[in-house]
Amino acid sequence: SQTIHQWPATLVQPVGSPLSLECTVEGTSNPNLYWYRQAAGRGLQLLFYSVGIGQISSEVPQNLSASRPQDRQFILSSKKLLLSDSGFYLCAWNSGLAGGPADTQYFGPGTRLTVL
Amino acid sequence: AQKVTQAQTEISVVEKEDVTLDCVYETRDTTYYLFWYKQPPSGELVFLIRRNSFDEQNEISGRYSWNFQKSTSSFNFTITASQVVDSAVYFCALSGNQAGTALIFGKGTTLSVSS
């Protein structure tokens, strides 16, 4: 069966420090991968998605970036964190069948980031 | 543009009451998918149901049921005989037809069930 992992689970970082959050998926190949952010315990906002290695689409311009160095690894980064980057970051995956219908997205456990 | 509206921000019920969570969506696509997710206090989003735009049959899974009506662009979720463990934030979401399409989420409804 497929599983999705995220780490760290919680993170407290000072303003201006760098960030690296990691997401990995097991039990599937060529998944679509997604990063969402949930601020203030409310609605989810899509930040980035990837349909393959090195292919990243950005939905919201900001000081965050994403990379996909391996098929089942998705990394969210920042060079300098802002207070507004605080939130709950969720990684998700679904089937990457090209031309296929939108498959259910399954979410990881999330990373709670606090920027002080 | 696609949009999902969950007008109920918070709902409080007492155990064993039935509760319905409303979801209204907007899309110009003819083929689309609707989802419900549950977010317990732990934070992880738990998938509950996926429905495609051509299947308007209501679905029942235990105490959960879903009513999909294209005529009113609604996909409502009912919990029968609610339990304390049902307390969570519930999100309705919409996606287009193509693989790799992002989910558009509503703002969520916080359900509190007291004993």
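The values are calculated or read from the model by the stated rules, or taken from the named source; none is laboratory data. Predicted model only: the values in this text are computed from it and were never measured. Glycine gets a Cβ as well: all are built from the backbone with ideal geometry, and neighbour counts include every protein chain shown. Heavy atoms of the whole protein, side chains included, go into the accessibility calculation; ligands, DNA and RNA do not. Shrake-Rupley method; radii C 1.70, N 1.55, O 1.52, S 1.80 Å.
Observations
- Annotation for the stretch B:1-106: chymotrypsin sites (Phe, Trp or Tyr not before Pro) lying in DSSP loop with at most 11 further Cβ atoms inside 10 Å of their Cβ are B:Phe54.
- Per residue accessible area in Å² of chain A, where ligands, DNA and RNA are left out and the probe is 1.4 Å: 46
- The stretch B:64-86-the stretch B:34-57 distance, computed between alpha-carbon centres (Å): 11
- Across B:Leu45, B:Leu34, B:Leu94, mean-square fluctuation computed from a Gaussian network of chain B (C-alpha pairs under 10 Å connected) peaks at B:Leu45.
- Calculated FRET value between A:Thr104 and B:Lys16, using beta carbons and R₀ = 22 Å, to 0.05: 0.10
- Solvent exposure, largest accessible area first (probe 1.4 Å, DNA, RNA and ligands not counted), of A:Leu81, B:Leu48: B:Leu48, A:Leu81
- The label-point distance for B:Thr72 and A:Ser17, in a model that sets each label 7 Å from Cα toward Cβ, rounds to 5.0 nm.
- Here is the size of the protein assembly as shown from its Cα atoms: Rg then Dmax, 17.8, 52 Å.
- Under 29 Å between alpha carbons - lysine pairs in the protein assembly as shown that sit 8 or more apart or on different chains: 9
- Partner chain coverage, peptide A:27-34 - average Cβ within 10 angstrom: 1
- Cα-Cα pairs of chain A separated by more than 19 Å (percent): 41
- Chain B packed on chain A takes about 1900 Å² of accessible surface away from a 1.4 Å probe, both sides summed.
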